[in-house]
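The values are calculated or read from the model by the stated rules, or taken from the named source; none is laboratory data. What you see is a predicted model; the values in this text were computed from it and never measured. Using ideal geometry, Cβ is built from the backbone for each residue, glycine included, and neighbour counts are taken over all protein chains shown. When the accessible area is computed, the model is the full protein with side chains, heavy atoms only, and any ligands, DNA or RNA have been set aside. Shrake-Rupley method; radii C 1.70, N 1.55, O 1.52, S 1.80 Å.
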Amino acid sequence: MRNPKKLSLLTRFLLHFAFEKLYLACEICLLVMLLFGKKKISFLSCLIFLIYFSNYIIDGFTQYIAHVLRQHNLWLYDIYAPLQFFTIIYFYYLVLKNKTLKKNLIVALLLFTFLSILIYFFVTELYQVQYISLLGSAMVTPLAYLYMHQCAEDLELKIKTDLPFWFSIANFIYFAGSVTVLATYPWFADHDYLSIANEILATGNQILYVIWFAITAIGFILCKKN
């Protein structure tokens with residue numbers, strides 16, 4: 001016989017997830033249809049889809065752990081955050097043409113890995129994912145800008161139909177905004193405003209998520225039409 005209390009927790013989780021994350025589900029469904037509606041799927045398109053899809057799946061798992069199992073879920077973000085940024089930086093390694101920059105990106109990846117390990121060992125668990133995300137966001141933001149600048153200088157490239165260009169716009173807005181949100185979090189938390197810090201972090205992320213998904217979805221639509 002099912003436990004009524006556990007069933008109630010599951011119901012609350014499903015309702016919470018459905019209403020709070022519905023827009024994410026819609027964007028994912030849209031991305032899937034647009035991606036697999038193409039006759040030829042590029043590796044870069046698959047990589048972009050993987051970044052968004054894995055983000056949504058991890059978010060679902062963390063919500064389930066927190067709201068249904070009532071367990072600590074920061075460890076999952078701690079594992080996922082470095083992998084997410086590693087994948088995005090690798091994406092820019094593939095699309096950027098400057099050879100010197102590509103060599104520097106290899107160094108940046110190694111530096112990011114080293115600093116992430118240091119954060120795990122020397123930063124309290126409450127702030128680990130914030131610092132890793134701040135570090136990763138600070139690295140991705142200029143890469144997104146550099147790719148947009150590269151596209152602007154390439155006269156033969158049709159920007160409107162270049163999916164990495166739209167992905168870079170989304171990344172630039174999302175991660176630049178994340179730097180601002182994450183940079184303010186420790187200050188609020190250290191000055192006895194933890195509830196305000198959590199509210200800023202949650203609300204800011206929700207708004208940025210919508211922008212991040214929506215811009216790339218628009219890019220998929222325009223690329224498919226053309």
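Just grab the label-to-label distance for Asp78 and Ala183, each label 7 Å out from Cα along the Cβ direction, in nm (one decimal).
For Asp78 paired with Ala183, the spin-label model returns 2.6 nm.
Between Val107 and Phe121, what length in nm is gained on full extension when 0.36 nm per residue of separation is reduced by their alpha carbon distance?
Working: separation 14, 0.36 × 14 = 5.04 nm, distance 2.14 nm.
Full-extension gain reported as 2.9 nm.
I need the Kirkwood Rh of region 35-109: take the reciprocal of the average 1/r across all distinct C-alpha pairs and report it in angstrom.
Working: mean 1/r = 0.0692 Å⁻¹.
Kirkwood hydrodynamic radius for region 35-109: 14.5 Å.
When the accessible area of region 115-157 is split by element with a 1.4 Å probe, what percent falls to carbon and sulfur?
On the way: 1650 of 2400 Å².
Carbon and sulfur together cover 69 percent of it.
Taking just the alpha-carbon atoms of region 86-173, what radius of gyration and Dmax come out, in angstrom?
When restricted to the Cα atoms of region 86-173, Rg and Dmax are 14.8, 49 Å.
Can you tell me the length gained on complete extension of the stretch Lys158 to Lys99, counting 0.36 nm per residue apart and subtracting the Cα distance? If you can, show how the numbers build up before the last one.
Working: separation 59, 0.36 × 59 = 21.24 nm, distance 2.26 nm.
19.0 nm is the gain from fully extending Lys158 to Lys99.
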